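Take a look at the structure below.
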Amino acid sequence: MSSDAPAEHVITPMPEPKGRIGHIVGLVRTKGLRYSLVAAVNVVVGQGLLFTLQHWWQPNVANVISVSLSSVPAYYMNRSWVWGKSGKSHLRKEVAPFWAFTVLGLVLSTIAITVVQDHTTNKFLILGTQLFVWGVLWVVRFFVLDKLFHVEVYEDDTPDID
């Protein structure tokens, strides 16, 4: 007997990865999108500032100013939206690691931009240089900050700054 009804397809879901890979996949699923969206906002703000400030300053100086200005909202957006933190920030477990990565990114991107500006005045190459350096640090920072922002804070280990 022949039936005109389509054959029923059963879709078997792939098993969830376990161990370290499973943890990373879960982390990216739960926080990765929000972290990416915060990064996208920060890229638009930071790159916009860098592009605009190059009208008045050398690219490496414009980079220092743009990173300094765009990092403050990036910290608070990451802290509250990505990691769900509120209240006072913890200096050792939140503020210091975030700003250490910011300073590292600032130093590396400024060095890279200084090298590039010696060979071109093309603002888009300079923007690309900054974006590349921050892109590499962005991935590393996600995993480091996730680890640090989820350390339990005990009564004798209270937050120490606003």
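The values are calculated or read from the model by the stated rules, or taken from the named source; none is laboratory data. Because the structure is predicted, anything quoted here is derived from the model rather than measured. Note that we place each Cβ from the backbone using ideal geometry, even for glycine, and neighbour counts take in every protein chain shown.
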Open item on the list: Suppose we filter the range 113-132 for residues that are closer than 16 Å to residue 45 by Cα and in contact with a Ser or Thr (Cβ under 6 Å, 6 or more places away or on another chain); how many remain?
Closed with: 1
Task: Candidate set from the range 31-43 (those that are closer than 19 Å to residue 101 by Cα and among the hydrophobic types (A, V, I, L, M, F, W, C)); member that is surrounded by the fewest Cβ atoms within 10 Å (Cβ to Cβ) - done: 40
- [ ] Could you list all residues from the range 138-162 that are surrounded by fewer than 16 Cβ atoms within 10 Å (Cβ to Cβ) and modelled with pLDDT of 65 or more?
- [x] 139, 140, 143, 144, 147
- [ ] Go through 131, 125 for me and flag whichever is among the hydrophobic types (A, V, I, L, M, F, W, C), more than 18 Å from residue 71 (Cα to Cα) and at pLDDT 65 or above.
- [x] 125
